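The values are calculated or read from the model by the stated rules, or taken from the named source; none is laboratory data. Keep in mind that what you see is a predicted model, and the values were worked out from it rather than measured. Backbone-built Cβ (ideal geometry, glycine too); neighbour counts: all protein chains shown.
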């Protein structure tokens, strides 16, 4: 059996990071556990921490951090860091070195899994075949495959593949009709279902764009929770808001209590009732607070969550907060285009939809209709995406009054949200409207003919 380590590749990728700070180029493909040499794992973990904190990476800074942790000697000392940085064969091949390290790690995991499977077979003789098969299948699925064969679909095989997919779709329709959990992400608003968004294709890369303070984060939170209600596992990457803020907003949305009450530390009957409801959902939303993360690190985390069965839909909030990777001589547009390419590839490879929040640029405010071209610093994001939805709420020049009640005051944004499906590779494009309860962080359907806003503003705490 060939050796399942490549120490030269491990040294080369660490040397590239220490000498040229290419961390963001490789961290999406590597984890500390991928290194077979313990000191290499320690060094890489420190580099990853520095990257997250947006600190520069070089031997001196890594040495200082290792000293703080009392790990400098076990990591080989300062001379070893200098040796790694000085002996890198070719910095521009860092991704190739990272791939070798990742592949070797996968081989070692496979080897361990084979031994575990053999032990499992002997230890479960009294269990049913179905139980044993399920355990072994889960063990195999937990190891990231390295084969690229899945990229190829032969002509002769394509017909059977389509029939298999159709059978799976029919089974899903039957399950839905019987009230069972679904496995396809959706946008639940009736006003958007005309555009075919009641079922989002697994490989979809969608962008939700809006000006600041319009409600794109609330929109994405609503999407996440609506899918969790239906049994999906959603991973919500939030690069700006903290975990506590996300939980506070959720509590307001589902309990009907005000943010002031939530922040007071009170636990009311409405809050307890909301918790009981949320805990009964067949799915869930898993929050990843990731300020300063690169897009490769985000999609790598999504891949890890999917292996655990915890990611049917990934949401990233938002584009302009992602730590960009600049290639030598590269521009902002090229770095943002790289984000789009990485997300699109991950969506297609993992077979899960991604929704990416984004701000609109300032020039778009002068346009009567928000379109994909107005995505701030888009870097061809709109070209790489399958779906683009823009949200806009005009500033009111007078109080918004309905049935004698002031719903929104002059200078605030209107609760009526103009929604533009500006790109849609699976259906039509066009315009519709939703209403937005800003104090509840919740979007809802709106009768675009009657605009019966008051009925919605007085709704109870349930959707």
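For the condition under 16 Å from residue 102 (Cα atoms) and in contact with a helix residue (DSSP H, G or I) (Cβ under 6 Å, 6 or more places away or on another chain), what is the one hit in 22, 26?
None of the others qualify; the one that does is 26.
Give, as residue ranges, the strands (runs of 3 or more DSSP E) completely inside region 367-427 that count at least 1 residues that are exposed (fewer than 15 other Cβ atoms within 10 Å of the Cβ) and at pLDDT below 85.
So the answer is 400-402, 405-408.
Which of the residues spanning region 221-249 are in contact with a helix residue (DSSP H, G or I) (Cβ under 7 Å, 6 or more places away or on another chain) and in a helix (DSSP H, G or I)?
Answer for region 221-249, where residues must be in contact with a helix residue (DSSP H, G or I) (Cβ under 7 Å, 6 or more places away or on another chain) and in a helix (DSSP H, G or I): 221, 248, 249.
Considering only region 323-358, state which residues are in contact with a helix residue (DSSP H, G or I) (Cβ under 6 Å, 6 or more places away or on another chain), at pLDDT below 90 and not in a helix (DSSP H, G or I).
Residues satisfying the conditions are 324, 325, 326.
Is at least one residue of region 176-185 more than 24 Å from residue 440 (Cβ to Cβ), at pLDDT 90 or above and either crowded, with 17+ Cβ neighbours inside 10 Å or over 15 Å from the mean Cα position of the chain (by Cα) (or both)?
Within region 176-185, not a single residue is more than 24 Å from residue 440 (Cβ to Cβ), at pLDDT 90 or above and either crowded, with 17+ Cβ neighbours inside 10 Å or over 15 Å from the mean Cα position of the chain (by Cα) (or both).
Pairs only if they're at least six apart or on different chains, beta carbon under 7 angstrom, first in region 60-72 and in the same structural domain as residue 86 (by TED's automatic domain parsing) and touching a residue at least 12 places away in the same chain (Cβ under 8 Å), second outside any helix (DSSP H, G or I) and surrounded by 13 or more Cβ atoms within 10 Å (Cβ to Cβ); list them, first residue then second.
63/72; 66/72; 66/75
For region 428-439, give me the residue count where each residue is modelled with pLDDT of 90 or more and not in a strand (DSSP E or B).
So the count comes out to 2.
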